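Where a number appears in this text, it was derived from the coordinates with a stated rule and is not lab data. Since we're looking at a predicted model, the values are computed, not measured. Here the Cβ positions follow ideal geometry from the backbone for every residue, glycine too, while neighbour counts run over all protein chains shown.
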Amino acid sequence: TLFKKTSKTIGLIVPDISNPFFPELVRAVEDVMNIYDYTVILCNSDEKNEKEKEYMEVLKQKYVDGIILTTNQLELDEVSEINVPVVVLDRPLNHSFPSVIADNYGGARLATRHLYEIGCRRIAHIQGPSHVVNAVERFNGYRDEMKELGLWDERLVILGNYQLKQAKEAVLQALKEYDIDGIFAGNDAMAVGALKAVQQLGLRVPEDVAIIGYDGIPLTEMTTPELSTISQPIYEMGAIAARILVKKIEGKPLEQIHYVLPVELIERQSTRKGE
Ligand code: RIB
């Protein structure tokens, strides 16, 4: 008889733990895995394909029982070689692995529509990195909503990389070049960067420029004004992914393979005009 070597550990690959979205996600995975007596090995890929591949190798050598992937730099043939159960989390991957993501396209439409409803007409979007599928889906949602409203103008698309500092610089530049009265940022870190930029130019939020972010991280409640956001069920996403992985490892059947969780509009001061 062949015995499969097990280690009661799993690997969790995230892009960047210093982005405040990820600590809550990681926490949820760890909490649930601990209930089932698994230890979690955390790896940061820094959005780099090379680092992801190296980590996959290391995890294999450590005989992890499964992997949760929150990243999509890997090529399809690279992921197909993995011979332990895999669950895809947060960032969709074009593969048949079980997946837990949130409604990126719908959330982006909701954010854009909200800015329109409070009176914004020149709505800019700070897009996340173009290799990240959920950033592209959020862009698509923004674009389709803008087209439906008859407001689409491609010059209002600002390129971001999900990081605060870069977004601040990009928004400073955009505000100097174009007339903008609303900003939908592809994540909350970039919304904070946008807020900084707008205030640095002596403009008021939300009166001159309204801002909404995406993720629902605690930092959005700490800024002045507080930031509106599209909140993702971050903890729940991580917890569901972990439960699915345990079932896969134990060879149990899954009730559902692909989850797309709903997101929610949180309205705060940064989009409350007339107050
Ligand atoms: O802030 C980080 C972003 O990357 C989040 O919006 C999350 O969904 C992730 O993919």
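Enter the Cα centre distance for the pair the range 176-223 and the range 30-95, rounded to the nearest angstrom. Taking the Cα centre of each part, the range 176-223 and the range 30-95 sit 33 Å apart. Note that the range 158-275 shows a convex hull volume over its alpha carbon atoms of 114 Å³ per residue.
Each residue of the range 200-209 was assigned a 3J(HN,Hα) from its phi angle through the Karplus expression (A = 6.51, B = -1.76, C = 1.60, θ = phi - 60°), giving 4, 8, x, 8, 9, 10, x, 3, 8, 9 Hz with x at Gly and Pro. For the range 1-147, the C-alpha radius of gyration sits at 1.23 times the compact-globule guess of 2.2 N^0.38 Å, with N the residue count.
In the range 1-58, the alpha-carbon atoms span a convex hull of 80 Å³ per residue. The convex hull built on the alpha-carbon positions of the range 95-182 has an orientation-averaged projected area of 6.4 nm². Direction-averaged projected area, Cα convex hull, the range 23-105: 5.8 nm², rounded to one decimal.
In a DSSP loop and with at most 12 other Cβ atoms within 10 Å, the GluC sites (Glu not before Pro) in the range 63-155 are Glu75, Glu81.
Axis of helix 21-35 versus longest Cα principal axis of the chain: the two differ by about 30°, to the nearest ten degrees. For the chain, a Gaussian network of Cα nodes joined below 10 Å ranks Tyr214, Tyr55, Tyr178 by mean-square fluctuation, and the top entry is Tyr178.
The convex hull of the Cα atoms of the range 165-223, projected and averaged over all directions, covers 3.6 nm². Taking the Cβ of Leu254 as the center, what net charge do the other residues with Cβ under 10 Å away carry, scoring Lys and Arg +1 and Asp and Glu -1? That works out to +3.
Compute log10 of I(q)/I(0) for the chain with the Debye formula, placing one identical point scatterer on every Cα and leaving out solvent, at q = 0.09 Å⁻¹, to two decimals. So the normalised log intensities work out to -0.44.
Straight-line reach from Lys5: taking Cα to Cα under 22 Å and skipping same-chain neighbours fewer than 8 places apart, the lysines in range are Lys53, Lys60, Lys62, Lys247, Lys248, Lys252. Among all the aspartates and glutamates, which ones have a C-alpha under 18 Å from Lys48's C-alpha, if same-chain residues fewer than 8 places away are not counted? Leaving aside aspartates and glutamates fewer than 8 places away in the same chain, those within reach of Lys48 are Asp16, Glu57, Glu75, Asp77, Glu78, Asp90.
Annotation: lysines with alpha-carbon distance below 20 angstrom to Lys196 (same-chain offsets under eight excluded): Lys165, Lys168, Lys176, Lys273.
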